[in-house]
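Engineer: Input: one structure, supplied below.
The values are calculated or read from the model by the stated rules, or taken from the named source; none is laboratory data. Keep in mind it's a predicted model, so treat the numbers as computed, not measured. Positions of Cβ are generated from backbone atoms using ideal geometry, with glycine treated the same way; all protein chains shown enter the neighbour counts.
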Amino acid sequence: MSEPSRSGLQERLNKAPELVVFEKVSEEGKCSECGAELVRGDYLSMEKGQPLCLVCADLDHLVFLPAGDMALSRRARKRSLLSAVVVRFSRTRKRYERQGLLVAAEALDQAEDECAADAPERAAARARAAIQRVDEDREFVVAMMKEILGQYPACPAAEAGRIAAHTARRGSGRVGHSAAGRELDPRAIKLAVVAHIRHQHTNYDRLLMQGASRLDARILVREKIDQVLVKWRGADGVDS
C-alpha cells in the first residue's frame, strides 16, 4: 500500500463511527455468512446491508452491559478495546432505541471494581447536584411565574404557579426545558399557558378519549383557548 493510501485509511479510521449491533425483533432471519438462524432477541450486525451473527461479525466474545448506569457504561467502554452500541427498533415509537453496550468481559470487571471503589464519593456528588438542581428549579419557577403574570396579568396567581411548576419539571420534555423556555422567551411562555388551558379549561382530553384525533381535537377547542387567553390578558386583551 502506498503512503498516501495508508494515510487516507488512518484518517478514515480516526473518523470511524461507533459500531452498532441490533437486537432482533422479528421472528425470521439467517446470518448471511454462515446461515445460522437468527431468532427474536438475538444480536446481529449489518454489513453491506446483510445480517451477520455475532460470531461472523467477530463480536461474540463481548458481553452485554444494559443501559442505565452511566458511570459503569462510560468506564467499561473506555477500558474495552472493542465495543458496540446495542439498539432495538421500537414499533410504537418508530425508531431505534439504545439498549446498552457490548464490551469485553475483563473491561466490565475493571469498570465494576472502579465504580465500587468510588461509589460513596459519587453518591455524595449526586446528592450535592440534586440540591443544586432543586434550588435552580425553584428560582426558575418563580421567574417563570412572574413572566406568566407579566404577559397574562389577569391569570389567577395560583394557576400561574401551577403552570410554572408543571412546565419546569425536569425530564419532562416540556417547553420549560427547551432553550427558549429556560430563557423565558415570550413564545415559550405562551406555549406553556396554552397547554395548561387546553387540558384544564377545555374538553380536549375528553375528545381524545372519545376517539378524536389530536389535530381535530385542537381545532375544536381553539376558540375556548382564545377566550381564556383574552380574559387572562386583562382589560384590552392585546397579546404581548
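Engineer: Under 7 Å between Cβ atoms, at least 6 apart or on separate chains: pull out the pairs that start in segment 184-206 with a residue that is without any contact (Cβ under 8 Å) to a residue 12 or more places away in the chain and under 12 Å from Gln151 (Cβ atoms) and end on any residue that is of a type outside the set (Ser, Thr, Tyr) and surrounded by fewer than 16 Cβ atoms within 10 Å (Cβ to Cβ).
Structural biologist: Final answer for the pair search is Arg187/Ala180.
Engineer: Could you tell me which numbered condition Gly100 fails, if it satisfies all but one of (1) modelled with pLDDT of 90 or more; (2) at negative phi; (3) surrounded by 11 or more Cβ atoms within 10 Å (Cβ to Cβ)?
Structural biologist: Here Gly100 clears every test but (2).
Engineer: On to the next question. Mind listing whichever residues of segment 207-240 are among the basic types (Lys, Arg), at pLDDT 95 or above and either closer than 21 Å to Lys146 by Cα or not assigned by TED's automatic domain parsing to the domain that holds Ala158 (or both)?
Structural biologist: Answer for segment 207-240, where residues must be among the basic types (Lys, Arg), at pLDDT 95 or above and either closer than 21 Å to Lys146 by Cα or not assigned by TED's automatic domain parsing to the domain that holds Ala158 (or both): just Lys231.
Engineer: Going by the structure shown, is Arg174 modelled with pLDDT under 90 and buried (at least 16 other Cβ atoms within 10 Å of the Cβ)?
Structural biologist: Values: modelled with pLDDT under 90: yes; buried (at least 16 other Cβ atoms within 10 Å of the Cβ): yes.
So Arg174 passes the test.
Engineer: Give segment 112-129 a look and list any residue that's surrounded by 15 or more Cβ atoms within 10 Å (Cβ to Cβ) and within 25 Å of the chain's Cα centre (by Cα), or say none.
Structural biologist: In the first step, residues of segment 112-129 are kept if they are surrounded by 15 or more Cβ atoms within 10 Å (Cβ to Cβ); the result is 112, 114-115.
Within segment 112-129, Cys115 is the sole residue that qualifies.
Engineer: Here's a follow-up. Which ones in segment 208-227 are assigned to a helix (DSSP H, G or I) and either touching a residue at least 60 places away in the same chain (Cβ under 8 Å) or more than 28 Å from the chain's Cα centre (by Cα) (or both)?
Structural biologist: Residues of segment 208-227 that are assigned to a helix (DSSP H, G or I), as a first pass: 208-209, 214-227.
Of everything in segment 208-227, those that are assigned to a helix (DSSP H, G or I) and either touching a residue at least 60 places away in the same chain (Cβ under 8 Å) or more than 28 Å from the chain's Cα centre (by Cα) (or both) turn out to be Ile219, Leu220, Val221, Arg222, Glu223, Lys224, Ile225, Asp226, Gln227.
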